[in-house]
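The values are calculated or read from the model by the stated rules, or taken from the named source; none is laboratory data. Keep in mind that this is a model prediction, so the values were computed, not measured. With ideal geometry, Cβ positions are generated from the backbone for all residues, glycine too; neighbour counts draw on all protein chains shown. Calculation scope for accessible area: heavy atoms of the full protein, side chains included, ligands and nucleic acids excluded. Shrake-Rupley method; radii C 1.70, N 1.55, O 1.52, S 1.80 Å.
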Amino acid sequence: MNYISLNNANLKVSFKEALMQGIAADGSLFIPATLPVLPDRFLHSLATHSLFDIANTILAPFIDDIPKSDLEAIIKKTFHFPIPLVHLDEQIYLLELFHGPTLAFKDVGARFIAEVLAYFLKNEQKKITLLVATSGDTGSAVARGFYQVPYIDVYILYPSQKVSPLQEKQMTTLGGNIHAIEVQGTFDDCQQLVKSSLKDETLQKALHLTTANSINIGRLLPQIVYYFFGIAELQKAHPHVSPTVVVPSGNFGNLTAAAYARALGAPIEHLVAATNANAVVPNYLKTGILKSQKTQHTLSNAMDVGQPNNFVRLQALFDNQYEKIKSNVTGISITDAETLAQIQQTFKQNHYILDPHTAVGVAAAFQLRNKLKPMIVAATAHPAKFPEVIQTALNQAIPVPEALRIVMSKPKMSTLMKNDFQAWKAFLLS
Ligand SMILES: *Cc1c(COP(=O)(O)O)cnc(C)c1O
């Protein structure tokens with residue numbers, strides 16, 4: 001399978017090159033040149049397949065430059081935690097993607113890209129520098145996924161004061177090959193620093209840069225897998241059902257993965273983009289105009305993105321036609337007050353504690369519930385990652401899992417940095 005730049009189909013590279021470069025030479029994102037055709041018998045028998053089977057069937061055609069047995073080993077290491085589909089009520093299911101080491105769905109993409117990069121670099125004995133911008137959860141997942149992985153130095157750029165104390169500890173306490181950079185700016189500023197670095201020839205030559213953000217296609221591909229798996233789980237009880245998939249979204253990697261799953265033949269009735277007050281995409285779906293906005297700080301901070309980078313990939317999947325996107329994707333923006341109310345209501349009615357991001361998804365699902373059922377909401381983080389929000393919503397403390405308690409007790413190690421590309425470049429080269 002080849003990967004091409006979104007803006008220039010002549011810029012064509014292998015999976016390995018797409019992964020190593022992060023973004024194409026013209027500064028735009030890589031997409032698969034074609035979509036694989038999955039066997040009909042697989043699509044019609046999803047419920048009989050394991051997570052491992054599904055991952056192999058989907059990823060093998062996208063990644064034909066890794067021998068099958070090596071790819072299987074990588075897949076085994078990536079999907080080594082459960083992904084339960086939980087029944088919230090008769091219409092809404094939660095796909096719990098948060099049982100990995102840092103308790104958010106980003107563990108899937110981060111572990112996969114770490115394993116794949118390590119695999120390629122081991123064969124080449126080459127060192128690279130990985131940059132990643134984070135609004136909170138990517139940094140923790142990437143830090144854990146890449147910790148002590150040989151040949152890779154990791155720089156995590158996060159917005160000062162805009163991530164939760166727990167998220168900050170998860171990315172600043174490892175040390176070793178993991179370097180945390182506290183940027184005096186927003187997530188979008190961090191992302192811009194990463195993008196500018198990737199385009200900078202001096203930095204590229206000196207450090208062999210790439211990124212583990214979801215602009216890297218290596219993050220996105222493994223996320224396609226769990227949508228197939230969630231539907232397979234649902235079809236065990238309800239054969240042939242075709243659910244609507246609701247994705248709490250920020251940078252739109254996760255929703256794009258769901259759209260890829262659907263394009264590959266996953267039975268998905270409709271897609272719902274649920275956002276917080278950073279409503280760039282819901283506004284686009286209403287007006288046809290894609291207008292980035294200044295990032296707003298909300299309770300679901302991992303979705304505080306004013307310039308959703310992956311949305312161009314989603315548009316491309318729908319041939320860049322607004323009418324097509326509009327008829328396949330519904331956008332709903334949820335306020336902080338609605339988020340808190342949803343956490344309260346779900347706790348009262350279903351005895352289930354939603355994290356603030358998943359609560360945005362469930363609140364959106366409730367707005368559509370009688371029109372589009374059943375629905376699978378991607379449950380993107382464990383509520384214990386956001387104890388302050390849960391305390392506010394439910395007026396009670398949430399038990400802290402052991403792994404998080406240990407992280408909280410460690411000292412923070414980070415470098416404070418202005419939002420200034422020249423200063424950042426000088427620091428990297430020093
Ligand atoms: C990153 C994140 C999101 C948003 O995912 P995107 O792929 O950026 O749209 C949602 N919820 C949680 C908990 C996250 O960490």
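One table, with the values for the structure above:
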quantity: ALA341 versus LEU38: modelled label distance in nm, points set 7 Å from Cα along the beta carbon direction; calculated: 3.7
quantity: Kirkwood Rh and Cα Rg combined as Rg over Rh, evaluated for region 357-406; calculated: 1.10
quantity: Estimated [θ] at 222 nm from DSSP helical runs (n ≥ 4, -39500 (n - 2.57)) normalised by residues in the chain, nearest 500; calculated: -13500 deg cm²/dmol
quantity: Global form of region 297-430, assessed from the alpha-carbon gyration tensor, a/c cut-off 1.5; calculated: oblate
quantity: Theoretical FRET efficiency, 1/(1+(r/R0)^6), r = Cβ-Cβ of LYS412 and GLN391, R0 22 Å, to 0.05; calculated: 0.50
quantity: Straight-distance crosslink candidates among lysines, where the alpha carbon sits under 26 Å from LYS373 and sequence neighbours closer than 8 are dropped; calculated: LYS236, LYS286, LYS324, LYS326, LYS348
quantity: Per-peptide average of other Cβ atoms within 10 Å, ordering 52-59, 106-113, 331-338 highest first; calculated: 106-113, 52-59, 331-338
quantity: Protection proxy ranking, peptides 277-287, 117-127, 92-102, average beta carbon neighbours within 10 Å, highest first; calculated: 92-102, 277-287, 117-127
quantity: Accessible area per residue in Å² at 1.4 Å probe, computed on region 226-318; calculated: 31
quantity: Evaluated at q = 0.07, 0.12, 0.13 Å⁻¹: base-10 log I(q)/I(0), Debye formula over Cα of the chain; calculated: -0.30, -0.96, -1.15
quantity: Solvent-free Debye scattering, log10 I(q)/I(0), computed from the Cα coordinates of region 61-142 at q = 0.20, 0.21, 0.22 Å⁻¹; calculated: -1.01, -1.06, -1.10
quantity: Part-to-part distance (alpha-carbon centres) for region 83-122 and region 327-393, which is given in Å; calculated: 18
quantity: Packing rank of 403-413, 14-24, where each peptide gets the mean count of other beta carbons within 10 Å, highest leading; calculated: 14-24, 403-413
quantity: Extension gain (nm, one decimal) between PHE81 and SER242, 0.36 nm per residue minus Cα-Cα; calculated: 55.4 nm
quantity: Reference-scaled alpha-carbon Rg (2.2 N^0.38 Å with N residues) for region 258-368; calculated: 1.11
quantity: Reachable lysines, given that their alpha-carbon falls under 22 Å from the alpha-carbon of LYS418 and they are not under 8 places away in the same chain; calculated: LYS162, LYS169, LYS195, LYS199, LYS294
quantity: Prolate/oblate/rounded label for region 135-226 (Cα gyration tensor, a/c 1.5); calculated: rounded
quantity: Potential lengthening between ASP64 and GLU90 on full extension [0.36 nm per residue; Cα-Cα distance subtracted]; calculated: 5.3 nm
